[in-house]
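Structure record follows, encoded as structure tokens.
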């Protein structure tokens with residue numbers, strides 16, 4: 001939480017707010033959201049040997065994070081093939097857990113404005 005006393009501090013706070021959100025709040029909230037999606041994808045991944053679920057991990061990218069599988073067949077399982085029905089574990093994980101990322105961002109921004 002930020003404490004503001006006076007008009008000058010308020011002006012400075014609003015000038016720095018975009019940087020604060022971009023550099024402090026957003027990266028943490030995106031990583032929290034990516035971890036939630038990752039855990040959900042691991043839970044939803046079909047299991048024979050567990051290799052697919054075990055291979056899932058997070059990698060940083062320029063504007064956030066992505067979830068990656070280190071097994072060659074992950075896309076075939078998620079998207080299906082002409083011979084195998086799709087089992088969209090990653091798509092379902094994003095749909096189920098994705099809103100958590102937005103909620104985390106909102107909560108972090110709300111913390112800045114608590115009185």
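We did not get these values from a lab; they are worked out from the coordinates using the rules stated. Computed from a prediction, not measured in an experiment: that's the story for all the values here. Ideal geometry is used to build each Cβ from the backbone, glycine not excepted, and the neighbour counts take in all protein chains shown.
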*Against the longest alpha carbon principal axis of the chain, how many degrees, from 0 to 90 and to the nearest 10, is the axis of helix 89-112 turned?*
10
_With angles folded into 0 to 90 degrees, how steeply does helix 26-44 sit against the dominant principal axis of the chain? Use alpha carbons for both and round to 10._
20
_Just to be sure I understand: with springs between alpha-carbon atoms less than 10 Å apart, which residue in 11, 96, 87 has the highest mean-square fluctuation in the Gaussian network model of the chain?_
11
_Cut-off 10 angstrom, C-alpha nodes, Gaussian network model of the chain. Which of 92, 79, 28 fluctuates the most?_
79
*asked:* Limiting things to C-alpha atoms, what are the Rg and the maximum Cα-Cα separation (Dmax) for the chain, in angstroms?
replied: 19.2, 67
*What ranking of 77, 71 emerges when the number of other C-beta atoms within 10 Å of each C-beta is taken as an exposure proxy, fewest first?*
71, 77
*Quick one: angle between helix 7-20 and the longest Cα principal axis of the chain, in degrees between 0 and 90, rounded to 10, please.*
20
_Ascending count of other beta-carbon atoms within 10 Å, so fewest first, for 49, 101, 36, 81_ = 49, 81, 36, 101
